[in-house]
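The values are calculated or read from the model by the stated rules, or taken from the named source; none is laboratory data. Worth saying up front: this structure is predicted, and the values here are computed from it rather than measured. So basically every Cβ, Gly included, is an ideal-geometry build from the backbone, and we count neighbours across all protein chains shown. What goes into the accessible areas is simple: the full protein's heavy atoms, side chains included, and nothing from ligands, DNA or RNA. Shrake-Rupley method; radii C 1.70, N 1.55, O 1.52, S 1.80 Å.
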Amino acid sequence: MKRSDFFIRLTTGVLFLAIASYIGIYIYNAVINTFVTTPAISYSVEETFTAEGFIVRTENALTDIRGQTVLPIVREGERVANGQAVAVEYLTSEALNIAGEVRTLRMQIAQLEAAGSSRTIEASRLERVMDLSQAVLDGDLSSLDEMSLNIETLVFASDALMQSNLEQKRSRLESLERRTDGMRTFFAPFSGTFSHVVDGFEHVEPDALSDITPEGLETLFRTPSRASGVGKMVTSIKWYFAAVMDSDYAARLRSGQRVTLQFLGAFHADREMVVESVGRGDEHGRSVVIFSSDRGIHEITMLRQLSAEIVFDVVSGIRVPKEAIHLDDDGVLFIFLQTGARAERVNVQILREYGDVYLVRCGTDMGSPLRPGSTIIVRANNLYHGKVVG
């Protein structure tokens, strides 16, 4: 029994010493050994503001193309020439069925030719299945019928059967394309970019945006005219985004300035645009800012109302913990870097404050040794320039 009590007391004593040692080391590190460093990290911050607005283009609805069985034969956003065929009206059900078969045959032939030209059929099959899987994950089913047909053509048919049917499909397509009875073709009245979408605001021209107020812009796009036809022609490559934003933010922009707009929603893309004009503020503290671009007209032919993040400024510098910043008697801000085995004082200029850190100007702009990767001394006892540290 006495032996057992001895071992219990011994074990208890060892545990007590271990705990006391841990506490002592913690207190030493916290109070005595206060030398703490952090690497200098380059960092950029975008200053943005969300704006709501409308896209305006020079466009005309093709009102002479009417009928319930009129189908476009050019792609959305495709550039077409004056007099080019853009749509076909099918006057009979037989003609409509033929058009569907022609479309199917063209896709099948294209897939078979691609599979047999530069890649194995197995690789093409895998790629088509992956395309469908990615479209489902993205929620983009706009080409579901085409992707399904691709899989049916490449996956569920044998290699030999696909190759033997290729010539038959080509022959059948040539025969159907020669049949023009029951169809009426429509041609573009002028050159431009074709769109399938007619929303009733095609009459709104860029000139209507001159000196427009936020209320006037909302009124302009409140009630669409009666949409007719199955397409429109965008006749200019330049397009505009009329955005309503807070007047304080609008005042930071100037005509001719290039800024980046990060569009949200259906058109999720970044575009550099030119500030055309900055409107006066209204009684609600809002202004209309007109942006323009002469690139990517084919990407926005279906869009009208959008949201965007306006990037006002991009601030780049070095992240420095607030604890590492010092202030001398002359009001000069500085930090200490660990250079070799010594502390080196470096003056800094604060650009922005974010939480518990400052963003300071990089040393390349200040003529100082502060660079990405430098060692910043966050905390140390009795620190001064030239002190041996580490």
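Numbers below:
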{"quantity": "Within-14-Å neighbourhood charge of residue 197 [Cβ basis; K, R +1; D, E -1]", "calculated": "-2"}
{"quantity": "Inverse of mean 1/r across different Cα pairs in segment 188-235, Kirkwood, Å", "calculated": "12.2 Å"}
{"quantity": "Estimated vicinal HN-Hα couplings, Hz - segment 299-314 in sequence order (Karplus 6.51, -1.76, 1.60; Gly, Pro = x)", "calculated": "8, 10, 5, 8, 9, 9, 9, 9, 10, 8, 8, 8, 7, 7, 7, 10"}
{"quantity": "Residues whose placed amide H lies under 5 Å from that of residue 200, excluding near-sequence neighbours", "calculated": "none"}
{"quantity": "Amide H within-cut-off set for residue 286, under 5 Å, with H built and near neighbours excluded", "calculated": "247"}
{"quantity": "Which of 298, 268, 196 is most accessible, then next, and so on - probe 1.4 Å", "calculated": "268, 298, 196"}
{"quantity": "Spin-label model distance (nm) - residue 22 vs residue 305, 7 Å beyond Cα toward Cβ", "calculated": "6.2 nm"}
{"quantity": "For residue 305, distant residues with modelled amide H under 5 Å away", "calculated": "55"}
{"quantity": "Alpha-carbon radius of gyration plus Dmax, which is the widest Cα pair, for segment 225-367 in Å", "calculated": "22.9, 78"}
{"quantity": "Centre separation in Å (Cα based) which lies between segment 344-390 and segment 185-218", "calculated": "55 Å"}
{"quantity": "At R0 = 25 Å, FRET efficiency that the Cβ-Cβ distance of residue 187 and residue 236 yields, to 0.05", "calculated": "0.75"}
{"quantity": "Label-point gap, in nm, between residue 35 and residue 171 - each point 7 angstrom along Cα→Cβ", "calculated": "8.9 nm"}
{"quantity": "Cut-off 14 Å between beta-carbons: net charge of the residues surrounding residue 389, Lys and Arg +1, Asp and Glu -1", "calculated": "+3"}
{"quantity": "Mean separation of Cα contacts under 8 Å (6+ apart) over length of segment 246-390, as relative contact order %", "calculated": "19 percent"}
{"quantity": "Cα-based Rg of segment 296-357 normalised by 2.2 N^0.38 Å, two decimals", "calculated": "2.01"}
